[in-house]
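Student: Let me give you the structure first, and then I'll get to my questions.
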Amino acid sequence: MKPLVIVGCGNMAKTLAPYLKEKYQLVGYALDKKYISSETYEGLPVYPFESIEAYLDPEDVCFAVAIGFQDMNLIRESKFNEMKTKGFQPAQLVLNPRIEGHGVEVAKGSIILEHTSIHAGSVIGENTFISTGVDIGHNCKIGKNVWINSGVTIAGDVEIGDNSVLGVGATIGNNIAIAQCNFIGAGALVVKNTKKNETYAVKQSESLPINSRDFLKLSSIHRSNH
């Protein structure tokens, strides 16, 4: 297996490490020097990101960025590009092998977790993260450095702009263009084209003035009368 270093030492690194270890030989983690508080993480070395090439050979070791979507993915984008500038090659992780077998193009550095469906003709840009249970329709174009959370549904012929974030359970209608750096909140439904840097969110559900057990009783009565 090819050696791999993970950029990041947080929750995403801990989440992705088991998946990455199935395909690569994990040799350590990279973190900005000012944030290093221990020489090891999860039993492996932590290297200073600024001088990672002094510890690992870029010709032999690939990398994966395991950082969240903070600052609209700009941190992820920066680390990804810096690692490529240092000469390291991005790894790729696609847990559903049928995806690429159906004419889907997935760029290097992208991570697609299990139970995700991507229909024929779609293209996934580099350094994009797609979580579990996502459904992407035919002929979609997902940009670079995009973050798509669990349960998102994207209809056919959709474009998602670079650095956008799609929250849990969001839905994007057919033939829609989501512009760059859009934040589409959890559960949001978008059925029109958007502009750069826009935010779409739905109102949080409110607590009803009724006890949960009483509510279930009333619901049962309603159903029995219909």
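Student: Once both labels are modelled 7 Å past Cα along the beta-carbon direction, what's the N11-D157 spacing in nm?
Tutor: 3.8 nm
Student: Taking amide hydrogens as modeled 1.01 Å from N in the peptide plane, which residues meet the under 5 Å criterion relative to F63, leaving out close sequence neighbours?
Tutor: V5, Q89, A91
Student: Quick check on the chain: what does the Kirkwood estimate of hydrodynamic radius come out to from the alpha carbon pairs, in Å?
Tutor: Value: 19.0 Å, from the Cα pair sum.
Student: On to the next question. Pick from N11, N211, N73 the residue whose mean-square fluctuation is largest in a GNM of the chain, springs joining Cα atoms under 10 Å.
Tutor: Greatest mean-square fluctuation among the candidates belongs to N211.
Student: Another question about this same structure. Quick one: pull the percentage of alpha-carbon pairs in region 1-89 with a separation above 17 Å.
Tutor: Pairs farther apart than 17 Å: 43 percent.
Student: Let me ask you something else. Return the aspartates and glutamates within reach of K2: Cα separation strictly under 20 angstrom, same-chain partners fewer than 8 residues apart disregarded; answer none if there are no such residues.
Tutor: Of all the aspartates and glutamates, those that pass the test against K2 - Cα under 20 Å, at least 8 places apart if same chain - are E22, E42, E53, D57, E59, D60, E126.
Student: Let me ask something else. At 1.4 Å probe size, put M83, M12, M1 in order of accessible surface, largest to smallest.
Tutor: My answer, sorted largest first, is M1, M12, M83.
Student: What is the distance in Å between the Cα centres of region 128-196 and region 1-15?
Tutor: Distance between centres, Cα-based: 25 Å.
Student: Across region 34-173, how many lysine pairs, 8 or more positions apart or on different chains, have C-alpha atoms separated by under 22 Å? Please give the number.
Tutor: 11
Student: What's the longest piece of the chain with no exposed GluC sites (Glu not before Pro), counting a site as exposed if DSSP puts it in a loop and it has at most 11 other beta carbons within 10 Å?
Tutor: 115-205
Student: Say R0 is 41 Å: what FRET efficiency, to the nearest 0.05, do L208 and A120 get from their beta-carbon distance?
Tutor: Working from the Cβ atoms, E equals 0.40.
Student: Suppose each label sits 7 Å from its Cα in the direction of the beta carbon; what would the N193-N139 distance come out to in nanometres?
Tutor: 1.6 nm
Student: When the chain is modelled as a GNM with alpha-carbon springs shorter than 10 Å, which of L216, L189, L16 fluctuates the most?
Tutor: L216
Student: Also, quick follow-up: Which value in nm describes the separation of the simple spin-label points at T40 and S78, placed 7 Å from the Cα toward the beta carbon?
Tutor: Placing both labels 7 Å beyond Cα along the Cβ direction yields 3.1 nm.
Student: Okay, next question. If you restrict to DSSP beta bridges whose two residues both lie in the chain, what percentage is antiparallel, to the nearest 5?
Tutor: 5 percent
Student: Any idea what the dipole of region 70-208 comes to, in debye rounded to 20, about its Cα centre with Lys/Arg Cβ at +1 and Asp/Glu Cβ at -1? Each step should come with its number before you reach the end.
Tutor: Details: 12 positive and 13 negative charges, 47 e Å.
About 220 debye.
Student: Moving on. Using a cut-off of under 12 Å, list every residue of region 35-53 whose amide N is near the label point 7 Å from the Cα of K86 along the Cα-to-beta-carbon line.
Tutor: Flagged as within label range: 46-53.
Student: Along the charge dipole of the chain, Cβ charges K/R +1 and D/E -1, which of P45, L56, S150 sits furthest on the positive end?
Tutor: Result: S150, furthest along the dipole toward the positive end.
The values are calculated or read from the model by the stated rules, or taken from the named source; none is laboratory data. The structure displayed is predicted, hence computed values, not measured ones. Neighbour counts run over all protein chains shown; Cβ positions are idealised from the backbone, glycine included. Heads up: the accessible areas ignore ligands, DNA and RNA and are worked out on the full protein's heavy atoms, side chains in. Shrake-Rupley method; radii C 1.70, N 1.55, O 1.52, S 1.80 Å.
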